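Enquirer: Please see the structure below; I have some questions.
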Amino acid sequence: MTLIRIGENDKAVLTGLEKQLRIYNLLNRPVLSTEDFAELLYTNPDKVDTLRRAGCIKAQRRGRGYNFTRKAVDDFLKEYADADISNVSTITAEKEKRRPR
């Protein structure tokens, strides 16, 4: 049996690959939890809750949490790809810009 020594730089590369694999797996799930959706957006669950409460993404109530369907996630990513969702006021403004008149 051969042992391979992993240096600090190699650990960073492995961590990056693990993160990419995790995101790939999330993209292939039919339903995402709030935490999973936050990971996909590289943000925190509170931001996802803010987006949900603002009506930017549709969710289904499941117990004490919410789930997001693949279609809802895809629609959000397509519609808000260029949006500034950094805080509540910009989320509200982006939602208003996209509202049908």
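Only the coordinates and a few stated rules stand behind these numbers; no lab work does. None of the values given here were measured: they were computed from a predicted structure. For neighbour counting, all protein chains shown are included, and Cβ atoms are generated from backbone atoms with ideal geometry for every residue, glycine included.
Enquirer: How much FRET efficiency would the formula 1/(1 + (r/R0)^6) give for Gln20 and Ala54, where r is the Cβ-Cβ distance and R0 is 30 Å, rounded to 0.05?
Expert: Plugging the Cβ-Cβ distance into 1/(1 + (r/R0)^6) gives 0.55.
Enquirer: May I ask for the net charge around Asp46, where only other residues with Cβ less than 14 Å from the Cβ of Asp46 are counted and Lys, Arg are +1 while Asp, Glu are -1?
Expert: 0
Enquirer: By a straight-distance test (C-alpha under 20 Å), which lysines pair with Lys97 as possible cross-link partners, with residues fewer than eight away in the same chain excluded?
Expert: Qualifying lysines at Cα under 20 Å: Lys47, Lys58, Lys78.
Enquirer: Quick one: angle between helix 45-54 and the longest Cα principal axis of the chain, in degrees between 0 and 90, rounded to 10, please.
Expert: The helix 45-54 is inclined about 20 degrees to the chain.
Enquirer: Please list, in order along the range 24-38, the HN-Hα scalar couplings obtained from phi with the Karplus expression 6.51 cos²θ - 1.76 cosθ + 1.60 (θ = phi - 60°), rounded to whole Hz, x for Gly and Pro.
Expert: 4, 5, 5, 5, 9, 7, x, 9, 10, 7, 4, 5, 5, 5, 4
Enquirer: Next question. Rounded to the nearest 20 debye, what is the charge dipole size of the chain about its Cα centre when +1 sits on each Lys and Arg Cβ and -1 on each Asp and Glu Cβ?
Expert: That gives a dipole near 540 debye.
Enquirer: Spelling out what I want: for every residue of the range 84-95, take phi, set θ = phi - 60°, compute 6.51 cos²θ - 1.76 cosθ + 1.60 (Karplus), and round to whole Hz; glycine and proline get x.
Expert: Taking θ as phi minus 60°, the curve returns 8, 10, 7, 8, 4, 5, 6, 5, 4, 5, 5, 5 Hz for the range 84-95.
Enquirer: From the C-alpha gyration tensor of the chain, pull out the three semi-axes of the equivalent ellipsoid (sqrt of 5λ each), sorted largest to smallest, in whole Å.
Expert: 33, 16, 12
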